[in-house]
Amino acid sequence: MARRRIIAGNWKMNMTPSQAVALCAELKDLVVNDAVDVVYCVPAIDIVPVVEAVKGTNVHVGAENFYIEDKGAYTGEISAPMLKDAGVEYVIIGHSERREYFKEDDAFLNKKVKKALEAGITPILCCGESLEQREMGVTMDWIRFQIKSDLVGVTADQVKTIVIAYEPIWAIGTGKTATSDQAQEVCKGIRDCIAEMYDDATAAAVRIQYGGSMNAGNAKELLAKEDIDGGLIGGASLKAEFGSVVNA
Ligand code: 13P
C-alpha cells in the first residue's frame with residue numbers, strides 16, 4: 001500500500017493574523033499538488049483566519065499545541081475540541097521546543113496523543129535526538145523510548161492514522177540537515193519499532209516525516225528515501241520556497 005506524502009509547515013511563533021492571511025495568499029498557487037497532503041501548522045491566534053484563508057484550496061490546517069482537558073479552569077489554554085470545531089485537522093505533539101522550553105514529558109505527551117485522537121485530530125508526533133545523544137551512539141535507543149512511551153495505550157488502528165516526525169534536534173533551525181542516509185536510517189528504525197510494537201501492516205501504514213532544516217535544495221533527496229513520507233518544515237514554510245518543497 002502506497003503511503004500518501006505529507007508536507008507540513010510548522011510556523012512556530014511567527015506570523016501575526018494579518019501576516020498569516022497574506023502568506024496564505026502568497027503560497028496559494030505554489031502549493032498545489034494533488035499527490036501530497038499539504039498542512040500549515042499555525043499559532044493558535046492564526047487558526048481561525050487561516051482556516052478561512054485556505055477555504056477551497058488543497059491546504060489543511062494544523063495546530064501547534066493544545067491542553068489535555070476538554071474544558072474548564074485552565075486559564076490561557078485551548079482544548080482539542082476547540083481546535084476541531086475551528087477546522088483543525090492535525091496537531092503537532094512532542095516537538096523538541098515544547099519538550100525543552102515547556103517541560104512536556106513523555107507521560108504528558110502520551111495523554112496529548114490520546115486526546116487528539118479522541119477529538120478526531122491527527123497527531124504529528126515528533127521525536128529526535130540531541131547532538132550529544134547522537135555522538136554517544138544512543139540515537140535509536142532514545143527515539144524508541146520516545147515512541148514507545150508516547151504511544152502507550154494507542155491502538156494499531158489509531159497508529160495507522162498518525163504521522164510521526166523525526167526531527168534531530170541538532171538539525172532544527174541550524175542549517176545543518178541530516179544526510180538523507182542518516183534520516184532514512186532513523187525513519188526506518190521508527191518503522192521497525194512500530195512493527196515490533198504492533199504489526200507489519202501498522203508499520204506500513206504510518207507516515208513518517210523528516211524535519212530539520214529541510215528546504216527547496218535538499219527536499220528532493222530526502223523525500224526519495226523509502227521510509228521518508230514527507231517533511232515537517234520550519235523556516236522554509238514561511239516563504240515562497242515552501243511551494244518548491246511541496247513539489248519536490
Ligand atoms: P527548521 O526547518 O527551521 O529547521 O525547523 C524544523 C522544525 O522544527 C519543524 O518542526
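The values are calculated or read from the model by the stated rules, or taken from the named source; none is laboratory data. Everything numeric in this text was worked out from a predicted model, so none of it was measured. Note: ideal-geometry Cβ built from the backbone for every residue, glycine included; neighbour counts use all protein chains shown. Note: areas computed on protein heavy atoms with side chains; ligands, DNA, RNA excluded. Shrake-Rupley method; radii C 1.70, N 1.55, O 1.52, S 1.80 Å.
Figures for the structure shown
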| quantity | calculated |
| --- | --- |
| Of all residues in region 19-34 being more than 11 Å from VAL54 (Cβ to Cβ) and assigned to a loop (DSSP other than H, G, I, E, B), the one that is least open to solvent (accessible area, probe 1.4 Å) | ASN33 |
| Restricting region 171-183 to residues that are open to solvent by less than 30 Å² (accessible area, probe 1.4 Å) and assigned to a helix (DSSP H, G or I), the residue that is nearest to the ligand (Cβ to nearest atom) | ALA171 |
| Any helices (runs of 4 or more DSSP H) falling wholly within region 78-160 and containing at least 3 residues that are of a type in the set (Val, Ile, Thr) | 139-150 |
| Residue selected from region 116-164 under the condition crowded, with 21+ Cβ neighbours inside 10 Å and among the small types (Gly, Ala, Ser), by the criterion farthest from ALA195 (Cα to Cα) | ALA116 |
| Qualifying positions in region 152-192 - among the charged types (D, E, K, R) and within 25 Å of ASN110 (Cα to Cα) | ASP157, LYS160, GLU167, GLU185, LYS188, ARG191, ASP192 |
| Breaking point among (1) charged (D, E, K, R); (2) more than 18 Å from GLY94 (Cβ to Cβ); (3) open to solvent by less than 30 Å² (accessible area, probe 1.4 Å), for GLU196 | (3) |
| Elements of type helices (runs of 4 or more DSSP H) in region 186-248, at least 1 residues being of a type in the set (S, T, N, Q), within 14 Å of the ligand (Cβ to nearest atom) and more than 14 Å from the chain's Cα centre (by Cα) | 241-246 |
| Failed item in (1) acidic (Asp, Glu); (2) in contact (Cβ under 8 Å) with a residue 40 or more places away in the chain; (3) under 27 Å from VAL61 (Cα atoms), with ASP199 passing the rest | (3) |
| Count of region 50-94 residues which are more than 18 Å from the chain's Cα centre (by Cα) and among the hydroxyl-bearing types (Ser, Thr, Tyr) | 4 |
| Filtered residues of region 131-143 (kept if among the charged types (D, E, K, R) and over 13 Å from GLU185 (Cβ atoms)) | GLU132, GLU135, ASP141 |
